[in-house]
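The values are calculated or read from the model by the stated rules, or taken from the named source; none is laboratory data. Worth saying up front: this structure is predicted, and the values here are computed from it rather than measured. Backbone-built Cβ (ideal geometry, glycine too); neighbour counts: all protein chains shown. For accessibility, only protein heavy atoms count, side chains too; no ligands or nucleic acids. Shrake-Rupley method; radii C 1.70, N 1.55, O 1.52, S 1.80 Å.
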Amino acid sequence: MTKEDYYSILGVSRDVDKAALKAAYRKLAMQYHPDRNPDDKQAEQRFKDVNEAYEVLKDGQKRAAYDQFGHAGVDPNNSGGRSGGFEFSGGFSDIFDEMFGDVFSGGRRRAGPKRGADLRHDMEISLSEAFSGKTTTLRLGTLVSCETCHGSGGKDGAQPVTCTTCRGQGKVRAQQGFFTIERTCHRCGGRGQMIQDPCPKCDGSGRVRHNKELKVTIPAGIEDGARIRLAHEGEAGDYGAPSGDLYIFISVRPHRIFQRDGANIYCRVPIPMVTAALGGSIEVPTIDGGRARVTVPVGTQVGQQFRLKNKGMSVLKSSVRGDMFIEALVETPTNLSKKQKEILRMFDSEGSQKSNSPESEGFFAKVKDLWEDLKD
């Protein structure tokens, strides 16, 4: 049977460079890896073919011989090379570790207890709490170190012994067709040690599930999406290994009145038409729970802003505060009485449209010019 071309196996052209060759190999090796395709003989064979092709083409001398003489140029029976099975070594071993790590158990996992898993907790707070900060109690169910055996997993302080299967290495070698593959030891889970006389409370795991309470301080000025890390408050590690960390993700609820932009606060405040026209003052709430008086100048327009210095949000890890901006919403009166309507008509007839409403006069003047231009 004719042997398939190595370049075709890897799906590359004959002038492929080393980087593209490696990328193509990595993709196919992951696709056909035996751990991803258990009991699939075709995938196992394809995996062998891919590795055989790459072992030749990655080597400059072998590739040159293959390009000139084909498969005969790299046949070990013709060149006196070693035949038979081989182990992952050299470039393949490096790529294998890079691709798979511990995911497929074939990675080079160091024996010993594992660090505990990190945990995540989502916490929602109000804008006022984000301004002032808060201290709260968090109740969390997690794995903690067993108090009976102090995390060792052994009864009455019994110490672990070396695993007889992997002899303390945490990994074993298995022949899989053409290859010798390293796998994490199934008996000790890669730790290299075993508990012969397990603790009755934790069954030798060194950890038990427990509901614990933590005091969490939310700093003043914290923003939506911020993350707080509590070191060593995650799950306990295996057999006395360090605990993981707890990450608290903060979300800030929208406020009914205030909008936040960094350290500044924005507030849209309705202002009576008479106050906007004649001037006056209004009282507005502030984020700290107080009140502030704002002077409204004569002729205030919709959208005009007033700045209140140091009335905004707290700044994280600082004593300063942002500013508060008041946006005027001039309110048109409704439900007018007959007399109020007459007064407004009198105001309209006695006043000059140009002097009382300069923006309206300017806008309609531009519209008139536009219409004149269209006629031309």
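The listed residues are Arg36, Arg46, and the only one of them that is under 13 Å from Ile9 (Cα atoms) and open to solvent by 40 Å² or more (accessible area, probe 1.4 Å) turns out to be Arg46. Picking from residues in segment 316-354 that are among the small types (Gly, Ala, Ser) and modelled with pLDDT under 90, the one that is surrounded by the most Cβ atoms within 10 Å (Cβ to Cβ) is Gly351.
Within segment 219-240, being out of contact with any strand residue (DSSP E or B) (no Cβ under 7 Å at 6 or more places or on another chain), within 13 Å of Asp118 (Cβ to Cβ) and buried (at least 18 other Cβ atoms within 10 Å of the Cβ) holds for one residue alone: Gly237.
The combined condition, being aliphatic (A, V, I, L, M), open to solvent by less than 70 Å² (accessible area, probe 1.4 Å) and in contact (Cβ under 8 Å) with a residue 24 or more places away in the chain, is not fulfilled by Ile282.
Answer yes or no as to whether Ser243 is in contact (Cβ under 8 Å) with a residue 24 or more places away in the chain, of a type outside the set (D, E, K, R) and crowded, with 20+ Cβ neighbours inside 10 Å. So Ser243 passes the test. Confirm whether Leu308 is of a type outside the set (Gly, Ala, Ser) and at pLDDT below 95. No: the conditions fail for Leu308. When the residues of segment 159-183 are filtered to those that are basic (Lys, Arg) and exposed (fewer than 14 other Cβ atoms within 10 Å of the Cβ), the one that is modelled with the lowest pLDDT is Arg173. The set of residues in segment 117-153 being open to solvent by 50 Å² or more (accessible area, probe 1.4 Å), farther than 16 Å from Ile218 by Cα and assigned to a strand (DSSP E or B) consists of Ser145 alone.
Candidates are the residues of segment 295-314 that are open to solvent by 50 Å² or more (accessible area, probe 1.4 Å) and β-branched (Val, Ile, Thr); the one that is farthest from Gly280 (Cα to Cα) is Val302. Starting from residues that are free of Cβ contacts under 8 Å to residues at least 60 places away in the same chain and not in a loop (DSSP other than H, G, I, E, B), keep the ones in segment 268-279 and report whichever is most open to solvent (accessible area, probe 1.4 Å). That would be Leu278. Against the conditions (1) at negative phi; (2) of a type outside the set (Ser, Thr, Tyr); (3) open to solvent by 50 Å² or more (accessible area, probe 1.4 Å); (4) modelled with pLDDT of 80 or more, His186 satisfies every one except (4).
Against the conditions (1) modelled with pLDDT under 90; (2) surrounded by fewer than 19 Cβ atoms within 10 Å (Cβ to Cβ), Ser13 satisfies every one except (1). Criterion applied to Ala29, Ala24, Ala20 was being exposed (fewer than 15 other Cβ atoms within 10 Å of the Cβ) and part of a helix (DSSP H, G or I), and the one residue passing it is Ala20.
Quick check on Tyr66: is it touching a Gly at 6+ places or on another chain (Cβ under 9 Å) and assigned to a helix (DSSP H, G or I)? Judged against the criteria, Tyr66 is a match.
Among the residues of segment 309-330, the one identified as farther than 30 Å from Ala226 by Cα and touching a helix residue (DSSP H, G or I) at 6+ places or on another chain (Cβ under 6 Å) is Val330.
Determine whether segment 99-115 contains at least one residue that is modelled with pLDDT of 90 or more, touching a strand residue (DSSP E or B) at 6+ places or on another chain (Cβ under 6 Å) and not acidic (Asp, Glu). No: segment 99-115 contains no residue that is modelled with pLDDT of 90 or more, touching a strand residue (DSSP E or B) at 6+ places or on another chain (Cβ under 6 Å) and not acidic (Asp, Glu).
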